[in-house]
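Please read the structure below before turning to the comments.
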Amino acid sequence: MEWWKEGVFYQIYPRSFKDSNGDGIGDLNGIREKLDYFSWLGIDALWICPFFKSPMVDFGYDISDYTDVDPIFGNLDDFKALLHEAHKRNIRIIIDQVYNHTSDKHPWFIESKSSRNNSKSDWYLWRSPKSNGEPPNNWVSLFSGEKAESAWTWDENRKQYYLHLFAKEQPDLNWQNEGLRRAIYDSMKFWLDIGVDGFRFDAASHFYKAIENNIIKGPQIKKSLFESSRDEYYWDPFTARPQTLLEIENIRRFMDSYPEKVSIGEVSSDMGLCLYLMFTIPGRFNIAFNIDFLEKLSFDAANIRALSETLDKFFGTRAWPSYVTGNHDNRRILSRMAGEMHVDFEDKKKISKLFATLLLTLRGTPFIYYGEELGMEDTYIPRDRVMDPWGKALWPKPGRDPSRTPMQWDSSKFSGFSDFEPWLPVNENKVDVNVEKEMNDPNSVLNFYKKLLQMRKNYESLRTGSMEFLDIDNDLLAYKRDGDITIAIVLNFSNGSKLIDTNKLSGKIVMSNYPDHVLKPKEIRPFESLLIEM
Ligand code: NOJ
Ligand code: CA
């Protein structure tokens, strides 16, 4: 079985993980300092968000040099040292490739905009205005908030517009251009030769667009980043999407010329299962993020069953599913699920563990977002500390900063993240929610994750076994994983106790999110999660 099917990924937002040189911003050497933490926890692979040269308008998702490290994060030797040390511990490293767009400070764009006839004039999506001076179509920029500003920005020099699906400082690349494509593959080669274990491809379903024949239908008022990213906003599915899919096949062929690399696609979430599958059938991405699951998740057993059962049946043996409950673009899972529930600290811990059980026992590759293993929550960001470009446009609604705050290593002023005031504020709950304290508490969220990850290592069924849902009770989600040993997973999404019909389900409880557990699964308590060896 491929390593990326069995392994567990951990997502690092490098600005916020560990600052090694006291400037308040996390860096590569900081990650290296903490590698033993991942060995202790039982993580197989790290996905590190972009650390390449960047003006940081979108905190690294606006790259100005694909093959160098931004000095804020260190240098190329620091990255090589990190990779080497990680490999020594059997931990793989995936890096984040942002190939839909560059920074407007990338030398390619600077050259491209210098005239209409230079060697890179066609590397971006330039268009002349319509006869009335308007942009070529009515697409809106994803980061413009409710102002719904055009995705086209005028350039006085070329007297043309360029397209940017995200901020105006993130011009979209023209994948139709062969020279551009060659440059992209060169940058992939650069990192594969250094020895990275794979890539996460940012905005990969957006690579090719049909600009001329695609006008947004319906109102342009946007509520969230992803609500505006419906297919019809970006391309004509009959011409542009096949090109994107063919390109992904090329990328995959290229990556397969190296052994054991993984390709992970960020594909738009609202395309439906069919299109999600299209990006991951054999010969395309190994995995795509199941952002649909993340976005539609609610505190409701029936809903979660519908989401995961449909996906599981649909994917079957055609493609390999993944599960995601949090990332740097969304609120933290605990805040989303328990934020409005008025529950105490002990219940919050149970809820964190409940969702951890879900994430780590569904059939598919799980991605843990940094800090979720502690039960971190969203942090309130006062207006003068908002950093996220999209958050600025959304104010007073929160953007993406609340889930990007410093990792909580200990209870000190800056949570052991840095000696200096961090770039985003530290959550007040660092006093209780931190690595140091939780390592020493057998009942902590952190030790629960560690134990669950160990369970996955012990039971092959949890990694690769089939999955079948069981009808037990409306408030309970129950499924079994079959393989060498059958394990049933029962999750109580209600705040009341429930009886379990032992005719339907019995066996030995091997894990619970309560400190004590009864021997026979007759009753499941509020927010309890059980693993039962059948
Ligand atoms: C998706 C990334 O996850 C997000 O953080 C970023 O802002 C956009 N792509 C643009 O690169
Ligand atoms: Ca630093």
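The values are calculated or read from the model by the stated rules, or taken from the named source; none is laboratory data. Computed from a prediction, not measured in an experiment: that's the story for all the values here. Cβ: placed from backbone, ideal geometry, glycine included. Neighbour counts: every protein chain shown.
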Report yes if R200 is in the same structural domain as D388 (by TED's automatic domain parsing) and either of a type outside the set (G, A, S) or free of Cβ contacts under 8 Å to residues at least 40 places away in the same chain (or both), otherwise no.
yes
How many of the residues in segment 432-444 are in contact (Cβ under 8 Å) with a residue 60 or more places away in the chain and either under 22 Å from S322 (Cβ atoms) or of a type in the set (D, E) (or both)?
2
Taking segment 8-24 as the search range and keeping residues that are assigned to a loop (DSSP other than H, G, I, E, B) and surrounded by 21 or more Cβ atoms within 10 Å (Cβ to Cβ), which one is nearest to ligand 1 (Cβ to nearest atom)?
Y13
Just checking, which of I91, I72, I48 is away from ligand 1 (no atom under 16 Å from the Cβ), closer than 22 Å to M387 by Cβ and surrounded by 15 or more Cβ atoms within 10 Å (Cβ to Cβ)?
I72
Given (1) farther than 18 Å from D441 by Cα; (2) not in a loop (DSSP other than H, G, I, E, B), number of the condition K348 does not satisfy
(1)
Is it true that some residue in segment 51-68 is under 25 Å from S415 (Cα atoms), within 16 Å of ligand 2 (Cβ to nearest atom), of a type in the set (S, T, Y) and not in a strand (DSSP E or B)?
no
Does K120 satisfy being part of a loop (DSSP other than H, G, I, E, B), more than 16 Å from ligand 1 (Cβ to nearest atom) and surrounded by fewer than 22 Cβ atoms within 10 Å (Cβ to Cβ)?
yes
Does segment 131-140 contain any residue that is within 16 Å of ligand 1 (Cβ to nearest atom), in contact with a Ser or Thr (Cβ under 9 Å, 6 or more places away or on another chain) and part of a loop (DSSP other than H, G, I, E, B)?
yes
Out of S115, S131, which single residue is of a type in the set (S, T, N, Q), farther than 26 Å from I248 by Cβ, without any contact (Cβ under 8 Å) to a residue 24 or more places away in the chain and out of contact with any helix residue (DSSP H, G or I) (no Cβ under 9 Å at 6 or more places or on another chain)?
S131
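Residues are listed down the side, and each one gets a yes or a no for (1) under 22 Å from the mean Cα position of the chain (by Cα); (2) modelled with pLDDT of 95 or more:
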{"residue": "A356", "(1), (2)": "yes, yes"}
{"residue": "Y370", "(1), (2)": "yes, yes"}
{"residue": "E377", "(1), (2)": "yes, yes"}
{"residue": "P398", "(1), (2)": "yes, no"}
{"residue": "S403", "(1), (2)": "yes, yes"}
{"residue": "F420", "(1), (2)": "no, yes"}
Suppose we keep only residues that are near ligand 2 (Cβ under 7 Å from one of its atoms) and in a loop (DSSP other than H, G, I, E, B) within segment 25-44. Which one would you say is nearest to M407 (Cα to Cα)?
G26
Taking segment 277-331 and the residues there that are assigned to a helix (DSSP H, G or I) and among the hydroxyl-bearing types (S, T, Y), the one that is farthest from N474 (Cα to Cα) would be T310
Considering only segment 143-154, I want to know if a residue exists there that is modelled with pLDDT of 95 or more and on the phi < 0 side of the Ramachandran plot.
yes
Taking the conditions exactly as written (of a type in the set (K, R) and either within 15 Å of ligand 1 (Cβ to nearest atom) or under 18 Å from D329 (Cβ atoms) (or both)), does R32 satisfy them or not?
no
